[in-house]
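None of the figures in this text is laboratory data; all of them are computed from the coordinates on show. Everything numeric in this text was worked out from a predicted model, so none of it was measured. Reconstructed Cβ throughout: ideal geometry from the backbone, glycine too, with neighbour counts over all protein chains shown.
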Number of protein chains: 2
Amino acid sequence: MSGFAPDEFRTRVDRAQTAMAAAGLDALLLTTEPDFRYFSGFLTRFWESPTRPWFLVVPASGDPVAVIPAIGRALMETTWITDIRSWRAPDLVDDGISLLAATLADLTPPGGAIGLPMGMESHLRMPLSGFFALQAALQDRHLGPDADIVRGLRMVKSEPEIAAIRAACGVADRAFARLPEILAQGQPLDQVFRDFQALCLSEGADWVPYVAGAAAQGGYLDVISPATGTPLARGDVVMLDTGLIRAGYFCDFDRNLSMGPASTAVKEAHARLIEATAAGFAAARAGVSPADLFHAMARIASDGGAAEEAGRFGHGLGQQLTEWPSIIPADTTPLPAGTVLTLEPSVALPGGRIMVHEENIVLREDGAEWLSTPAGPAIPEIGL
Amino acid sequence: MSGFAPDEFRTRVDRAQTAMAAAGLDALLLTTEPDFRYFSGFLTRFWESPTRPWFLVVPASGDPVAVIPAIGRALMETTWITDIRSWRAPDLVDDGISLLAATLADLTPPGGAIGLPMGMESHLRMPLSGFFALQAALQDRHLGPDADIVRGLRMVKSEPEIAAIRAACGVADRAFARLPEILAQGQPLDQVFRDFQALCLSEGADWVPYVAGAAAQGGYLDVISPATGTPLARGDVVMLDTGLIRAGYFCDFDRNLSMGPASTAVKEAHARLIEATAAGFAAARAGVSPADLFHAMARIASDGGAAEEAGRFGHGLGQQLTEWPSIIPADTTPLPAGTVLTLEPSVALPGGRIMVHEENIVLREDGAEWLSTPAGPAIPEIGL
C-alpha cells in the first residue's frame, strides 16, 4: 500500500536477516506501526484504535509473516506479504496470542531466539499480559532484545524514502509560505492552528499528526503546549512546527514570525538560530556524530540553558515524527550516509523565553542536502 | 490544560484509590497518553514523538506524582499536579528509570504492589528494557496488573466528559452536513479525504487523528484502507468515518452517500443499517450488556458475515477513538449509566461488499441519548 516496489521491502528484509544472523536471532517480532510498516508496507490510520494488536514476524530466511486481526486482511492482501494469518478480534479469551505463538513455533527452531525492539524510543504495542502469555506458550524459545537491528535499519533511509520525506517537506514549505494568509493581530492562536492544518492539507498533506507552536511577547515559554484562544498581539513571536504525513512519511520543521516589528533581541535570536542551523548543516556528512552536530550548533546558539530543557538539538525523522538518533553531546556514534535528521537549535531570551528553529536534511558522503527549504536570517514580520 | 476543574481530577483519583484499596494496590503506574491525561489533565500532541517516556504515579492516598522529561515541565505546571519530578531526556544511560524507581519507592511500602494497565487494549508506553530495569530496581515491590481499574474508570464518563464528546460530535455533524460541497464525480478520493479533514477543522476540530473511508460501486471491501487517487464515479457508495478531537475528546461516526442514484440494494442496505442502529439505541440503557446491544442490532443487520470481519458492532469512545468495551456477543457484562458507545452495525452486499453505519450514544438510567445527530434511512444521493 505504500508506493514502494516489493524490491524495497525485500532489501529491508535481506538487511535485517543479515544482521539477525550476526546477532544469533531466529526471528524478529514487530508490534508497532512503523516497524510493522517498514517491512510490510501496510499503511493505514487504523492504528489510532488501540483495540487490536498486530504482529509481523521476520524469520531468519524467507518472507515476513503477518499475524493480524481479520479486519485487516483485505488491506494486507494488497501488500507484498503473502503469508497472512488472521483471527477474529477482539477475542476476550485469546486475542491472537495462540496464533502468534504457533506462528513463531513454525518459524523458529526449539531453543531459538526471537528479538523484539526494546531499547530507547521503542515500546511493545500489545498488552503486557499478552506478552507474558506468549512467553509462557514459548518456553523453549527466548524472547529478548533485537540488538537494535530494527532501529539501525530504519535510521538509514533508501532513496525512495528520502524522496518521500522530501515530498512531505515540500508540502510544509508551501504551507509555511502561505502563513501570511492566516496570521493577523487579534486572531486566536487555536484558530491559527486549525487554519494552518487546513493549509497543510490543501498543499497535499495526507494528514497532519503533529502541530505545535506558540505565540508570546518576545519569545515563548515552551514548545509542546496546545494552542489557547489568546488572540495574536503586536510584538508576539509566533512559532508553528508541523509534522505532516505525505505517503506515509513525515517532515518535521518549524517557522518563526513576528507580529508587527520584531524587537532587536528577537531579530538577533532568529539570525543566531539560522546561523547555528547553517553551522550544523556545514558539519553534516557521512561519519559525523550527533555530538559533532550538537557542538557545531551549540557553539553559535550558546543558548544559556534552552537545550537543558529541550534535551537535544534535533533528531532522526522518517515514518515517525522523531526517530533515532538524538542530537545530544552524549552520542558520539558516526552516522552513515542516508541518515535523515532535523537540525533544531534553540536559544534563550530574557524572561525565561526561548526560540527554536528547525530544518530537515539528509547526510550524504560528502556533505548534506536540505530536504526543507531553509529559512533566511531575517525573521518575517507580519502586518507591519 | 484540559478544560476540567481540579475537582474532576480529584474525583477520578478518589475513585481509583477506593478501587486500589479493594484490590490491594499501593500505587498505579501509568505510561500511555490517555491514562496519563485521565488523572492529570496533561494535554499535548507531543506524544506523537516516541522519544520520551512519561510516567504518572497514583499513590494509595494523596495526589498523583508526575515523573517526566524536563521539556514537559512548563506545561505540566499549568495542570493541577504539583509534585513534578523531571529529568533531562533523552538520556542514553538512565532515561528516567532511576527517578521513577525512587519515586515509587517513596510512595509505596516495601513489599508493596504497583499496578499497571496490562489487559486488552492497553500497552506499556516505555521501552521494555526500561520496564525490566525498573523491576530490577524495585525487587522488594511487585509490578503487576492494575485489576483493570483504569479501564473501568475510564469507561464511565462524567458529565463534563459527555459534554466534551457531544461537542466533538457536533463538529463532525456540521462537517458531514457540508459533504455535498466536496463530493463530485471525478474527484479523487484522496482529495476528498483532505477536503473533509479541512471541513472538520473549519467546523472546530482541534485536530483530526482519524479519517477512514471508501468509495466503490455498490458497497466497499474494507474500512481501514487509505484513500487512493481513484476518481469518484456514478454508482459509488462513499463512506467517510472520522475520529476528530475537540478539547481532548473524540467523536467517532460515519456517513454513507451515493454518487448519483443509489441502487435498490444499496438503498435497502442503508435503511437496514439505520434500523439496526435504532434497534441498538432502543435497547440501550444502564444495565444493558455489549452482547444485548450486539444481538439487538444483529437481528436486523443479519449481515451474513460482515461482522465476522469487523469483529464487533461498536465500542467505547472518549479520550481515545476506541475504548472499552467492544460490542460483541461474548461480553455479557452489564454496562453502567455514563458509558459512551458507538453503535456500528455492518451489512453484507453482493460481491463481498459491505456497508457500515455508526452513531455515538451515552447510556442513561432509563434509556440512551444520541451524541451524534442520527442519520435518516434514505441514503443521500449526490449530483443526481
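Work through the residues other than B:THR373 whose Cβ is under 15 Å from its Cβ and net out their charges, Lys, Arg +1 and Asp, Glu -1.
-3
What average count of beta carbons from other chains do you get within 10 Å of the Cβ of residues in A:42-55?
6
As a test, work out the antiparallel percent of DSSP beta bridges whose residues both lie in the stretch B:6-154, rounded to the nearest 5.
40 percent
What three numbers, in Å, describe the spread of the alpha carbons of the stretch B:1-64 along their principal axes, ordered from the longest?
Between the extreme Cα coordinates on each principal axis of the stretch B:1-64 lie 36, 25, 14 Å.
What's the average, rounded to a whole number, of partner chain beta-carbon atoms within 10 Å of each residue's beta-carbon in B:215-222?
The shielding value for this peptide is 2.
The stretch A:347-384 to the stretch A:37-59: how many Å between their Cα centroids?
Cα centres, the stretch A:347-384 to the stretch A:37-59: 34 Å.
Mind jotting down the three principal axis lengths of the stretch A:343-384 based on Cα atoms? Whole angstrom, largest first.
42, 26, 11
When averaged across all projection directions, what area in nm² does the alpha-carbon convex hull of the stretch B:159-382 cover?
10.5 nm²
Net charge near B:ARG151: determine it from the other residues with C-beta under 14 Å of the C-beta of B:ARG151, scoring Lys and Arg +1 and Asp and Glu -1.
Around B:ARG151, the surrounding residues sum to -2.
Taking the Kirkwood radius as the inverse of the mean 1/r across Cα pairs, report the Rg/Rh of chain B.
Here Rg/Rh amounts to 1.02.
With a sphere of radius 9 Å drawn around the Cβ of A:ALA164, what net charge do the other residues whose Cβ falls strictly inside it have (Lys, Arg +1; Asp, Glu -1)?
+2
Can you compute the equivalent ellipsoid semi-axes for the stretch A:82-225, i.e. the square root of 5 times each eigenvalue of the Cα gyration tensor, sorted largest first and rounded to whole Å?
Sorted largest first and rounded, they come to 45, 19, 17 Å.
Go through the stretch B:135-146 residue by residue and turn each phi into a ³J(HN,Hα) via Karplus (6.51, -1.76, 1.60, θ = phi - 60°); whole Hz please, and just put x for glycine and proline.
4, 5, 7, 10, 5, 9, 10, 10, 8, x, x, 8
What number, in percent, do you get for the relative contact order of chain A if the mean sequence gap of Cα pairs under 8 Å and at least 6 apart is divided by its residue count?
So the answer I get is 14 percent.
If you take the beta carbon distance between A:THR373 and B:ALA233 as r and set R0 to 25 Å, what does 1/(1 + (r/R0)^6) give as a FRET efficiency, to the nearest 0.05?
So, using R0 = 25 Å, E works out to roughly 0.10.
Spin-label point model (7 Å from Cα, Cβ direction): what's the B:ARG174 to B:ALA137 distance in nm?
It is 4.7 nm.
Looking at the protein assembly as shown only, what percent of DSSP beta bridges run antiparallel? Nearest 5 please.
75 percent
When DSSP assigns beta bridges and you keep just the ones with both residues in chain A, what percent turn out antiparallel, to the nearest 5?
75 percent
Would you please report the Å³ per residue occupied by the convex hull of the alpha carbon atoms in the stretch A:152-196?
Expressed per residue, the convex hull around the Cα atoms of the stretch A:152-196 is 89 Å³.
For chain A, modelled as a GNM with alpha-carbon contacts under 10 angstrom, which of A:ASP366, A:ASP63, A:ASP254 fluctuates the most?
Of A:ASP366, A:ASP63, A:ASP254, the Gaussian network model singles out A:ASP366 as fluctuating most.
Report, to one decimal in Å, the Kirkwood hydrodynamic radius for the stretch B:6-154 based on all distinct Cα pairs.
15.3 Å
Using 0.36 nm per residue of separation minus the Cα-Cα distance, give me the extension gain between B:SER158 and B:ARG10 in nm, one decimal.
52.0 nm is the gain from fully extending B:SER158 to B:ARG10.
Stokes-Einstein D for the protein assembly as shown at 20 °C, 1.002 mPa s, Kirkwood Rh over Cα pairs, in µm²/s?
In µm²/s, the coefficient is 80.
Average projected area of the Cα convex hull of the stretch B:197-303, in nm²?
Taking the Cα atoms of the stretch B:197-303, their convex hull projects to 8.4 nm² on average.
Looking only at other chains, what is the average number of their beta-carbon atoms within 10 angstrom of each beta-carbon in B:191-201?
Mean partner-chain Cβ count within 10 Å for B:191-201: 5.
Roughly how far apart, in whole Å, are the Cα centres of the stretch A:65-108 and the stretch B:214-256?
If you average the Cα positions of each part, the centres end up 25 Å apart.
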